[in-house]
Amino acid sequence: MLIEHSETILAVRDLTASVNGIPILNGLNLEVKAGEVHAIMGRNGSGKSTFSKVLAGHPDYEVTGGTLTYLGQDLLGMAPEQRAQAGLFLAFQYPLEIPGVSNLDFLRLACNSRRRYLGLSELDPLDFDDFIQAKLEIVEIDPAFLQRSVNEGFSGGEKKRNEILQMALLEPRLGVLDEIDSGLDIDALRIVAKGVNTLASPQNSTIVITHYQRLLDYILPDYVHVMEAGKITITGDRSLALELEERGYAWTEDAPEPLEIA
Amino acid sequence: MSSPVSTLVNQPYKYGFVTDIESDTIPRGLSEDVIRLISAKKQEPEFLLEFRLRAYRQWLQMSPPTWQSVTYPPINYQDIIYYSAPKQVAKKKGLEEVDPELLSTFEKLGIPLSEQKRLANVAVDAIFDSVSVATTFKEKLAEQGVIFCSISEAVREYPDLIKKYLGTVVPSADNYYAALNSAVFTDGSFVYIPRDTVCPMELSTYFRINNGDTGQFERTLIVADCGSQVSYLEGCTAPMYDTNQLHAAVVELVALDHAQIKYSTVQNWYAGDAQGRGGIYNFVTKRGLCQGVNSKISWTQVETGSAITWKYPSCVLVGEGSVGEFYSVALTNHYQQADTGTKMVHVGPNTRSTIVSKGISAGHSRNSYRGLVKMGPKARGARNYSQCDSMLIGHEAQANTFPYIQVQHPQARVEHEASTSKIGEDQLFYFQQRGIPLEEAVSLMISGFCRDVFNQLPMEFAVEADRLLGLKLEGSVG
Ligand SMILES: Nc1ncnc2c1ncn2[C@@H]1O[C@H](COP(=O)(O)OP(=O)(O)O)[C@@H](O)[C@H]1O
Ligand SMILES: [Mg+2]
């Protein structure tokens, strides 16, 4: 939702970043305010996941220029776990499997690290059990999943739901969802989208990264951005996604930049 | 670009201090005269001197093993001091007579020996360099007929038991280091649990090498008579010296009919520094004999220290239906080398054994599991299950698995599973992205990896072992 005079959650200015010395992001600009949902679309390899990793502070990605400001703080000075504790959440395109670590322990530790940051009391295992019940319902996850190792042997859809469960527990200010729709059938897609929509509020904001317009039938974005060769080349509203679907990404290459379609 | 997640600080070895204490030390070197001197200092009976001299003569004929996957320069056995004892200790009646400096050393190590601060329900034998300095709860144990004392004392007080069992499980010529130990061992613990007695508390020996040039050659013997049970734990630390020190121990366990012995080790000898200078050579022979029917011997080890570890706690399963178990976590970091595993020798019918080995290698270390499962010609219906998992941290570490299987009975069954995994940088990033810092992420993954073994440790020690692994790995991820 668009809210007048709302707080800026994320401001990205002229961001450039490289991996193994190869430039991937080439002057990316983006501003996200509280309450807003932004969609970033773009071809495979255009740098969408790279952008999400840079936001989260993945050590393989080196920021070579520009600024990243999150809730008024310089993100570049913060360790990955500090960014997470401060409410920046990344739903991974490929969630990792962690053998030997129970999902329940993992979720509780993650949740308590965020609560500590927020000055809330930590939840002991019993309290956490209660706390998580309601969250499980949001993403329709069977409690039996809590006893298993993190993501180990989960199906693609189960991993994605587990990501949204984590988002529900951590109550982030900024959720970055990288291809949360990939590999999901239509039912799973609905569940995931419902989860995301349930968690949306006027205080927080969401960036959904996707390839397909399909997801945007369920998660309604306020802005749609097209990413091309490591920067945002077009910004528009929901109709841009439809147009992209109709005309393909090739069409955007003809556009003079930066192009605003309002 | 900086190597990912390589920035953690290394936790210094906190047991590396030296105690300044006056000691009675004999000159360097080894000869029959030195052995006679040790035996005389300990006022030993003739049979033991004979035992030592026989072993020494056998040792002279032997050469060090070379098949293990470790490398080190040849050891000069004439450069080692074979006996060093804190001076006043000659004969102590109670703890009041023990040098307060010694008591405070053990206190610093977290092993309070003084009456007021004793570990609840754990009896401790504390060994400092070559001798036992104190044994707690002796009287209380004696009420049940349990003998727990230093092996020197046992030689004097219970010579018949020593004569009957010493060297029966690990014969003096068993291997090079066992022969050396049999010739020069100075102290260690002795345990005897009488028939049908469940030992009322945990027994524990704590070894401390203090002197820089002393070898430590301790000898432990545990005998569980018919129907008895005991749980025993050993721990060890040493100061940091930049030269290597030799530790060549022998442990023998004997379980008679229906008896059970559970032997746990948390080994934290000084491992050398990050460049591989110094540290203990831990060349140890541990073996248990399940002599009686339905007897059981269970080894649990958490090996984190030493520059080199060479050690195969084994079970010889003679009694019908006897059970051998080996649960091991071996962690190596920096330039440590470990070649460790077990031997399960199934002699009797319907014997069973379980092997669970978890190797963790970080830094430039080398970590090998080596295990033998042997089903003898009479081992009808015998079964073994082995599981060997390795975890690699970083790119320079090595892990190897050498399983040897010999089956001489058609109705014996052997199962072996193995896996190798790696702590991935992306896995760690996943933790961090959920607000969980690196150290915590690593220790969670390691605990998960080791859980099957830690579950076998007595409760207090499981927590300690978990924490210890976490400390050891700090700085190793990347
Ligand atoms: N860790 C990496 N190592 C090497 N190249 C990478 C790495 N991550 C991304 N790239 C490269 O960066 C480009 C953008 O990739 P990515 O951000 O995954 O795109 P998208 O998510 O839009 O499909 C691609 O050419 C990809 O090969
Ligand atoms: Mg991607």
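The values are calculated or read from the model by the stated rules, or taken from the named source; none is laboratory data. Predicted model only: the values in this text are computed from it and were never measured. Heads up, the Cβs are rebuilt from the backbone with ideal geometry, glycines too, and the neighbour counts pull from every protein chain shown.
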For A:V19, the lone unmet condition from (1) aliphatic (A, V, I, L, M); (2) within 14 Å of the chain's Cα centre (by Cα); (3) within 16 Å of ligand 2 (Cβ to nearest atom) is (2)
Pairing a residue in region B:406-432 that is more than 11 Å from chain A (Cβ to nearest Cβ) with any residue that is acidic (D, E), where Cβ atoms lie under 8 Å and the two sit 6 or more apart in sequence or on different chains, gives B:A418/B:D389; B:T420/B:D389
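Report those helices (runs of 4 or more DSSP H) wholly inside region B:71-188 carrying at least 3 residues which are modelled with pLDDT of 95 or more and under 30 Å from B:A465 (Cβ atoms).
It comes to B:176-184.
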Here the qualifying pairs (Cβ atoms under 6 Å; residues six or more apart or on different chains; first in region A:173-192 and closer than 9 Å to A:K160 by Cα; second within 16 Å of ligand 2 (Cβ to nearest atom) and of a type in the set (S, T, Y)) come out as A:D181/A:T210
When region A:56-88 is checked residue by residue, the ones that are surrounded by 16 or more Cβ atoms within 10 Å (Cβ to Cβ) and within 12 Å of ligand 1 (Cβ to nearest atom) are A:H58, A:P59, A:Y61, A:E62
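Listed here are the residues, each with its yes/no results for (1) surrounded by 19 or more Cβ atoms within 10 Å (Cβ to Cβ); (2) over 14 Å from A:G175 (Cβ atoms).
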position	(1), (2)
A:Q203	no, no
A:T210	yes, no
A:P221	yes, no
A:V224	yes, yes
A:A229	no, yes
A:I234	yes, yes
A:L240	yes, yes
A:E243	no, yes
Per the filter on region A:22-38, residues touching a helix residue (DSSP H, G or I) at 6+ places or on another chain (Cβ under 6 Å) and away from ligand 2 (no atom under 14 Å from the Cβ) are none
The strands (runs of 3 or more DSSP E) lying wholly within region A:30-111 that contain at least 3 residues that are within 15 Å of the chain's Cα centre (by Cα) and within 14 Å of chain B (Cβ to nearest Cβ) are A:88-91
Filter region B:339-353 for residues that are touching a residue at least 60 places away in the same chain (Cβ under 8 Å) and crowded, with 24+ Cβ neighbours inside 10 Å; the one that is nearest to B:K378 (Cα to Cα) is B:H346
Pairs returned, first residue in region A:45-62 that is within 9 Å of A:G230 (Cα to Cα), second residue that is more than 8 Å from ligand 1 (Cβ to nearest atom) and not in a helix (DSSP H, G or I), beta-carbon separation under 7 angstrom, 6 or more apart or interchain, are A:S46/A:E228; A:S46/A:A229; A:G47/A:L25; A:K48/A:I40; A:T50/A:A17; A:T50/A:L25; A:F51/A:L25; A:F51/A:L28
Over region A:62-94, the set of residues at pLDDT 95 or above, of a type outside the set (G, A, S) and within 13 Å of ligand 2 (Cβ to nearest atom) is A:L90, A:F92
Note to self: Looking at the structure I just gave you, is A:F106 more than 16 Å from ligand 2 (Cβ to nearest atom) and modelled with pLDDT of 95 or more?
What the structure shows: yes
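So which of B:V356, B:V373 is within 14 Å of chain A (Cβ to nearest Cβ), surrounded by 18 or more Cβ atoms within 10 Å (Cβ to Cβ) and at negative phi?
Unique residue meeting the criteria: B:V356.
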Has region A:16-28 got any residue that is within 14 Å of chain B (Cβ to nearest Cβ), in contact with a Leu (Cβ under 7 Å, 6 or more places away or on another chain) and within 16 Å of ligand 1 (Cβ to nearest atom)? yes
Within region B:21-70, restricting to residues that are part of a helix (DSSP H, G or I) and of a type in the set (F, W, Y), the one that is surrounded by the most Cβ atoms within 10 Å (Cβ to Cβ) is B:W59
Condition set in a loop (DSSP other than H, G, I, E, B) and away from ligand 2 (no atom under 16 Å from the Cβ), scope region A:170-199, selection surrounded by the most Cβ atoms within 10 Å (Cβ to Cβ): answer is A:P172
Checklist entry - Do we find that B:T285 is of a type in the set (S, T, Y), at pLDDT 95 or above, crowded, with 24+ Cβ neighbours inside 10 Å and over 18 Å from B:R366 (Cβ atoms) in this structure? => result yes
Counted residues in region B:422-478 being basic (K, R), at pLDDT 85 or above and either crowded, with 19+ Cβ neighbours inside 10 Å or under 21 Å from the mean Cα position of the chain (by Cα) (or both) come to 2
